[in-house]
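Report on the structure given below.
The values are calculated or read from the model by the stated rules, or taken from the named source; none is laboratory data. What you see is a predicted model; the values in this text were computed from it and never measured. Virtual Cβ from ideal backbone geometry, glycine too; neighbours counted across all protein chains shown.
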Amino acid sequence: MDIIYLRDLRIDTVIGIYDWERRIKQTIILDIEMATDINKAANSDNIEDTLNYKDVAKRLMSFVGESEFELIEALAEKITEIIREEFNVPWVKLTLNKKGAVRGVRDVGVIIERGNKEG
């Protein structure tokens, strides 16, 4: 399998368990690796033959921007579900970063992998 990736996708959303977090939007940062076979697209040079990363980014910006999860774990799970089901991706690795969530720590987040990398 080949990998198509998105790095540093920043989306403002309501996320958190505290009352003050429920009243504001915070920026989460996504790094996403998606397994796919690029052979057909490499041979045809046609966007229709590949996983369109712009479509993935737009879908996630819409979904995450409108969501109001309490836990990053729940948000991460739903993001991987959307990628796998709506874009027919057999394997995805997601790093979800909630910068500034803990004082004195630069990055806080989760890394999850779902599916079969071999397709």
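A few comments on the model shown:
- Check on residue 77, surrounded by 15 or more Cβ atoms within 10 Å (Cβ to Cβ), part of a helix (DSSP H, G or I) and at pLDDT 95 or above: yes
So that you can scan it fast, the table gives a plain yes or no per residue for (1) touching a residue at least 24 places away in the same chain (Cβ under 8 Å); (2) farther than 13 Å from residue 33 by Cα:
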site	(1), (2)
64	yes, yes
67	yes, yes
82	no, yes
86	yes, yes
92	yes, no
97	yes, yes
105	no, yes
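- The criterion of being surrounded by fewer than 17 Cβ atoms within 10 Å (Cβ to Cβ) and at pLDDT 95 or above holds for residue 65.
- Among residues of the stretch 83-113, those that are of a type in the set (A, V, I, L, M) and in contact with a helix residue (DSSP H, G or I) (Cβ under 6 Å, 6 or more places away or on another chain), counted: 6
- Members of the stretch 3-51 found to be within 16 Å of the chain's Cα centre (by Cα), among the hydroxyl-bearing types (Ser, Thr, Tyr) and either surrounded by fewer than 17 Cβ atoms within 10 Å (Cβ to Cβ) or not in a strand (DSSP E or B) (or both), listed by number: 5, 27
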